[in-house]
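Peer 1: Before anything else, here's the structure in question.
The values are calculated or read from the model by the stated rules, or taken from the named source; none is laboratory data. Because the structure is predicted, anything quoted here is derived from the model rather than measured. Cβ coordinates were reconstructed from backbone atoms using ideal geometry, including for glycine residues, and neighbour counts include every protein chain displayed.
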Amino acid sequence: MYVFSTAGEAVGFVFGSFIFDLEGMPLGRLLGSRVHRMDGSYAGEWFHQMVVDRRTAAPRAISPMTSPASLDPVVRCPPRRPAIEHGRYPDAFVRLYEAEPLAAE
C-alpha cells in the first residue's frame, strides 16, 4: 500500500506495520492510527493513506524498535486526485526523517 502526501503524490509505502520511503528505507511504524519513528517518538496520525498532523489525543512515545531491513525501491505510482478532506490536516510524512528533538533542560 502506498503512502501519499496531502497533495496526492506517492511518498512511501507500507509493508507489514512499517512505513518505508520509496527507496525502501524503513522510517516508522503504524500502531493503530498512530505513526511513530523507529526511535519510538510520535510523528503523526494515519489518515486516508497519509501521515498527517492530526492530534486526536495526547501523543506519547513508545519503546524504540529495531529497524527492519531495507527493501527494494518501489515504482512511484501516478498521483491520486487530491480531495478537499485530504488537505484538511498538514502533511507530516517528513517528520519520519527527523530525529526526536532533545528536551530543554
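Peer 1: Among the residues that make up the range 83-94, is at least one of them loosely packed, with under 12 Cβ neighbours inside 10 Å, within 16 Å of the chain's Cα centre (by Cα), more than 17 Å from Met1 (Cβ to Cβ) and modelled with pLDDT of 85 or more? So that I can check it myself, show each step before the final result.
Peer 2: So the first thing to find is which residues in the range 83-94 are loosely packed, with under 12 Cβ neighbours inside 10 Å, and the list is 83-85, 90.
Next, from what is left, pick out any that are within 16 Å of the chain's Cα centre (by Cα): 90.
Still in the running and more than 17 Å from Met1 (Cβ to Cβ): 90.
Filter once more, keeping what is modelled with pLDDT of 85 or more: 90.
Yes, there is a match, as at least one residue in the range 83-94 is loosely packed, with under 12 Cβ neighbours inside 10 Å, within 16 Å of the chain's Cα centre (by Cα), more than 17 Å from Met1 (Cβ to Cβ) and modelled with pLDDT of 85 or more.
Peer 1: Follow-up question, since we're still on this one. Among the candidates Arg54, Arg60, single out the residue that is in a loop (DSSP other than H, G, I, E, B), more than 11 Å from the chain's Cα centre (by Cα), surrounded by 15 or more Cβ atoms within 10 Å (Cβ to Cβ) and among the basic types (Lys, Arg).
Peer 2: Values: Arg60 fails: surrounded by 15 or more Cβ atoms within 10 Å (Cβ to Cβ).
None of the others qualify; the one that does is Arg54.
Peer 1: Please enumerate the residues belonging to the range 1-47 that are under 16 Å from Pro78 (Cβ atoms) and either free of Cβ contacts under 8 Å to residues at least 24 places away in the same chain or assigned to a loop (DSSP other than H, G, I, E, B) (or both).
Peer 2: Going through the range 1-47, the residues under 16 Å from Pro78 (Cβ atoms) turn out to be 1-5, 7-13, 22.
Residues satisfying the conditions are Met1, Ser5, Ala7, Gly8, Glu9, Leu22.
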